[in-house]
Amino acid sequence: MPAALALWTPAPTGAAPWVVFAILLSAAVIAGSARLVPTGQWLVVVRSGRVVRVAASGLTFHIIGLERQVLLARGPIRMPLVVCGRSTEGAEVRLFAEATFRIVDPALAARSSLEPLQLAADEAERTLGGLIGRSGLASLAVLPTYDHDLEQTLITVRGVRLTALRIDRIDVELTACVLRAAGHQVK
């Protein structure tokens with residue numbers, strides 16, 4: 001009887017290769033969704049524009065295709081700023097500065113932008129450009145000794161704070177018209 005049963009048992013029809021393929025695909029998806037968060041950074045997981053979670057360090061997983069991961073620095077980040085503009089007298093002014101930013105709330109910062117530090121630097125440059133446009137040459141000369149309250153008014157990106165601003169150099173193109181206009185300010 002056992003020999004007769006062996007004749008009637010169907011042979012496998014290729015199910016084994018599909019099982020192996022499914023196991024390999026599952027392993028690839030799991031390996032692709034894992035991310036190791038480096039020390040000194042936050043990993044913000046965003047799904048459909050909403051912050052789902054913030055991981056401080058260690059191993060984290062995300063859903064491939066549905067979630068986006070943003071790495072944000074935990075410590076202070078120094079960024080160069082270069083601002084070009086015209087003063088009230090019409091002088092071409094170039095301001096070179098260095099700003100130090102710190103992310104104080106990674107969830108709020110990631111809601112503002114996926115690149116919150118770059119957004120804060122752009123906003124600081126726009127604000128300094130507006131300050132150059134509203135200022136005369138005499139007031140630009142004392143700009144490197146600004147009041148520290150200026151740091152709080154430069155950016156409004158939520159979750160990011162400007163901790164220091166150092167103005168390195170201000171270049172002014174002096175023409176005859178600019179010198180005459182500046183001479184009237186000094187009197």
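A short reminder: the numbers here are calculations on the coordinates, not readings from a lab. These numbers come from a predicted model, not from an experiment. Because the Cβ atoms are built from the backbone with ideal geometry, glycine has one as well, and the counts that use them run over all protein chains shown.
Could you compute Rg(Cα) / (2.2 N^0.38 Å) for region 48-158, with N its residue count? Intermediate values should be presented prior to the final figure.
Working: Rg = 17.9 Å, N = 111, 2.2 N^0.38 = 13.2 Å.
Output field value: 1.36.
What is the Cα centroid distance between region 31-46 and region 51-109, reported in whole angstrom?
If we compute the Cα centre of each part, the gap is 17 Å.
Go ahead and run the numbers for FRET between Leu174 and Asp105, Cβ-Cβ distance against an R0 of 45 Å, rounding to 0.05. Intermediate values should be presented prior to the final figure.
Details: r = 45 Å, r/R0 = 0.99.
FRET efficiency, Leu174 to Asp105: 0.50.
Taking R0 as 41 Å, what FRET efficiency do you get between Ala164 and Ile30 from their Cβ-Cβ distance, rounded to the nearest 0.05? Walk me through the numbers before you get to the answer.
Numbers: r = 43 Å, r/R0 = 1.05.
Rounded to the nearest 0.05, the efficiency is 0.40.
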